[in-house]
Amino acid sequence: MRKGIVQLVAIGIVLGVLVTLVAVLFQWLPTSASKEFDRIQDIYWFATVISIVIFSLVGAVVVYSVWKWRVPLDDDLDGPPIHGHTGLEIAWTAVPAILVIALGIVSAVVLSENGQASSNALQVKAIGQQFAWRFEYPDYGDFQTGELVLPVDQQAQFTMEAVDVIHSFWVPNFGQKMDAVPGIETTILVTPDRTGAFAVVCTELCGLGHATMRAKARVVTQAEFDAWIAEQKA
Ligand SMILES: [Cu+2]
């Protein structure tokens, strides 16, 4: 009995290490460049850790059972009748329920944090039209640009507009995504926390040129942003 438990735990540890390596050694998500995506990635890691533990546990029991209790090929007998196990059944109902509720709470907290607009957010209008994005900065005049430029560490509030059909605004590294729907104003918040060049993607099939509906996004320092604004106005 004791030997069996040691073997079971050993299999579980081996499986756990293997799956942990798969989770850690590959980059599954885009590199985060916003506070919102940082929070979202924290949830991913929370869910990943839970998944690794459950996978290792279930995997260990399956591998151990196949190894120890496999019947010979010519064994056509029925297995012995089993009458459930109340303790086990309560455990495998209660534990997943607690985990799912925990995930739900964490997600709700992040969703609410990511939706909290500060009063000094930079206003940006993102206008989707087959097949290009245009950007306006209403706080700084009435120019339009084809490039999205944002100052680092400053919350930006995007208001989406669509001229023709439904588009969807997405910068993978920002982790935030929102549809641009004709006749409706949708909004989304992004707080870039790393400078660099990123891609704006339309992520709603909007016609023949959908795949080409991309724009450049640049996150720069506040000074560079001010200089860029002055340039646009001139
Ligand atoms: Cu589009």
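The values are calculated or read from the model by the stated rules, or taken from the named source; none is laboratory data. Just so you know, these numbers come straight off a predicted model, no measurement behind them. For neighbour counting, all protein chains shown are included, and Cβ atoms are generated from backbone atoms with ideal geometry for every residue, glycine included. Note: accessible area is taken over every heavy atom of the protein model, side chains too, but ligands, DNA and RNA are not part of it. Shrake-Rupley method; radii C 1.70, N 1.55, O 1.52, S 1.80 Å.
The number of residues in the range 201-234 being part of a strand (DSSP E or B) and surrounded by 15 or more Cβ atoms within 10 Å (Cβ to Cβ) comes to 7.
Does PHE55 meet the test of being touching a Phe, Trp or Tyr at 6+ places or on another chain (Cβ under 7 Å), surrounded by 12 or more Cβ atoms within 10 Å (Cβ to Cβ), assigned by TED's automatic domain parsing to the domain that holds VAL106 and at pLDDT 95 or above? Here the answer is no, as PHE55 does not meet what is asked. Note on the range 123-144: residues that are open to solvent by less than 10 Å² (accessible area, probe 1.4 Å) and either away from the ligand (no atom under 16 Å from the Cβ) or not in a strand (DSSP E or B) (or both) amount to 2.
If the condition is being loosely packed, with under 13 Cβ neighbours inside 10 Å and in a helix (DSSP H, G or I), then the range 15-41 contributes VAL17, LEU21, VAL22, VAL24, LEU25.
Considering only the range 69-91, I want to know if a residue exists there that is outside any loop (DSSP other than H, G, I, E, B) and either surrounded by 13 or more Cβ atoms within 10 Å (Cβ to Cβ) or touching a helix residue (DSSP H, G or I) at 6+ places or on another chain (Cβ under 9 Å) (or both).
Here is the first cut: in the range 69-91, the ones outside any loop (DSSP other than H, G, I, E, B) are 69, 86-91.
Subset that is either surrounded by 13 or more Cβ atoms within 10 Å (Cβ to Cβ) or touching a helix residue (DSSP H, G or I) at 6+ places or on another chain (Cβ under 9 Å) (or both): none.
The answer is no, given that none of the residues of the range 69-91 is outside any loop (DSSP other than H, G, I, E, B) and either surrounded by 13 or more Cβ atoms within 10 Å (Cβ to Cβ) or touching a helix residue (DSSP H, G or I) at 6+ places or on another chain (Cβ under 9 Å) (or both).
Quick one: in the range 184-203, of everything that is more than 20 Å from PRO151 (Cβ to Cβ) and within 16 Å of the ligand (Cβ to nearest atom), which residue is farthest from the chain's Cα centre (by Cα)? Looking at the filtered set, the residue picked out is ILE184.
Residues in the range 156-166 that are among the aliphatic types (A, V, I, L, M), within 16 Å of the ligand (Cβ to nearest atom) and either within 15 Å of ILE188 (Cα to Cα) or open to solvent by 70 Å² or more (accessible area, probe 1.4 Å) (or both): MET160, ALA162, VAL163, ILE166. In the condition set (1) more than 16 Å from the ligand (Cβ to nearest atom); (2) polar (S, T, N, Q); (3) open to solvent by 80 Å² or more (accessible area, probe 1.4 Å), SER118 is compliant with all but (3).
Listed by first and then second residue, the pairs with beta-carbon distance under 6 Å, at least 6 apart or on different chains, first residue in the range 182-205 and at negative phi and without any contact (Cβ under 8 Å) to a residue 40 or more places away in the chain, second more than 14 Å from the ligand (Cβ to nearest atom) and outside any strand (DSSP E or B), are ILE188/GLN176.
Of the residues ASP153, ASP179, the single one that is within 11 Å of the ligand (Cβ to nearest atom), modelled with pLDDT of 95 or more, within 26 Å of THR31 (Cβ to Cβ) and open to solvent by 50 Å² or more (accessible area, probe 1.4 Å) is ASP179. Listed by first and then second residue, the pairs with beta-carbon distance under 6 Å, at least 6 apart or on different chains, first residue in the range 131-147 and in contact (Cβ under 8 Å) with a residue 40 or more places away in the chain, second open to solvent by 50 Å² or more (accessible area, probe 1.4 Å), are PHE131/THR212; GLY141/LYS233; PHE143/GLN232; GLU147/LYS216.
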